[in-house]
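K.L.:
Provided herewith is a single structure, encoded as structure tokens, for subsequent inquiry.
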Amino acid sequence: MEKAKTSKTPMSTSTKLNKDEQGKNVDQKLYRSMIGSLLYLTASRPDILFSVCLCARFESYPKESHLFAVKRIFKYLAYTPTLGLWYSRDSNFDLHSYSDADFGGYKVDRKSTSGSCQYLGSMLISWFSKKQNSVALSTTEAEYIVVGSWCAQILWQKQ
């Protein structure tokens with residue numbers, strides 16, 4: 001991958017990963033080690049968090065399509081080596097938080113994906129992106145579920 005072309009985005013907007021039961025199997029140990037390395041990087045590179053977590057859903061039975069998506073994340077990292085979190089000493093300490101959810105975005109089981117991020121001043125201090133535990137029947141319900149998680153996170157941080 002050292003001589004591979006770079007990528008300007010971690011994942012294409014048209015990429016829809018699924019179980020790909022007809023796809024060719026790949027080495028599970030290799031796939032898991034790649035995902036593990038990427039998960040470690042998400043602590044300082046939240047720009048890859050969604051893509052990495054989406055690929056991590058297929059660690060049990062990885063296929064070539066999943067490996068291709070993971071390699072694209074590595075190509076993006078090669079393209080953006082100077083990006084990362086920077087915490088300045090001179091920032092204010094106002095807590096701001098944002099949340100969102102997509103409705104039925106995961107095509108395999110129709111579960112929504114929730115996301116949230118918290119800023120202390122202008123510094124990102126916490127974020128998450130995860131598949132919801134239940135299937136939401138509407139956009140409103142998907143948003144309601146993420147707001148519950150969001151409130152719990154904010155209350156914990158304030159303590």
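The values are calculated or read from the model by the stated rules, or taken from the named source; none is laboratory data. Owing to the predicted nature of the structure, the values given are computational and were not obtained by experimental measurement. Using ideal geometry, Cβ is built from the backbone for each residue, glycine included, and neighbour counts are taken over all protein chains shown. The protein model used for the area step is the full one, side chains on, heavy atoms only, and it has no ligands, DNA or RNA in it. Shrake-Rupley method; radii C 1.70, N 1.55, O 1.52, S 1.80 Å.
K.L.:
Along the charge dipole of the chain, pointing to its positive end and built from +1/-1 on Cβ of Lys, Arg, Asp and Glu, which listed residue (SER149, PRO62, LEU95) has its Cα farthest out?
P.N.:
PRO62
K.L.:
How large is the Kirkwood hydrodynamic radius of segment 99-159, counting all unique pairs of alpha carbons, in Å?
P.N.:
It works out to 12.0 Å.
K.L.:
For segment 1-84, report the convex hull volume of the alpha-carbon atoms normalised per residue, in Å³, without decimals.
P.N.:
Output value, Cα hull per residue: 94 Å³.
K.L.:
Students sometimes get this wrong: rank THR139, THR9, THR82 by accessible area, probe 1.4 Å, all chains present, largest first.
P.N.:
So the residues, ranked largest to smallest area, are THR82, THR139, THR9.
K.L.:
Could I ask something else about it? Quick check: from the Cα gyration tensor, does segment 61-132 come out rounded (a/c under 1.5), prolate or oblate?
P.N.:
oblate
K.L.:
Normalising by the residue count of the chain, find the relative contact order in percent from Cα pairs under 8 Å and 6+ residues apart.
P.N.:
Answer for the chain is 20 percent.
K.L.:
Please compute the modelled spin-label separation between GLU64 and LYS8, points set 7 Å along Cα→Cβ, answer in nm with one decimal.
P.N.:
Going from the LYS8 label point to the GLU64 one covers 2.8 nm.
K.L.:
With a 1.4 Å probe and all protein chains kept in place, how much accessible area does TYR98 have, in Å² rounded to the nearest 10?
P.N.:
130
K.L.:
Using 0.36 nm per residue, how much length does the chain from ASP100 to GLU21 gain when fully extended, once their Cα-Cα distance is taken away?
P.N.:
Value of the extension gain: 25.4 nm.
K.L.:
Now a separate question. For SER116, what accessible area in Å² do you get when you roll a 1.4 Å probe over the heavy atoms of the protein chains, rounding to the nearest 10?
P.N.:
10
K.L.:
Report the convex hull volume per residue for the chain, counting only C-alpha atoms, in Å³.
P.N.:
It is 134 Å³ per residue.
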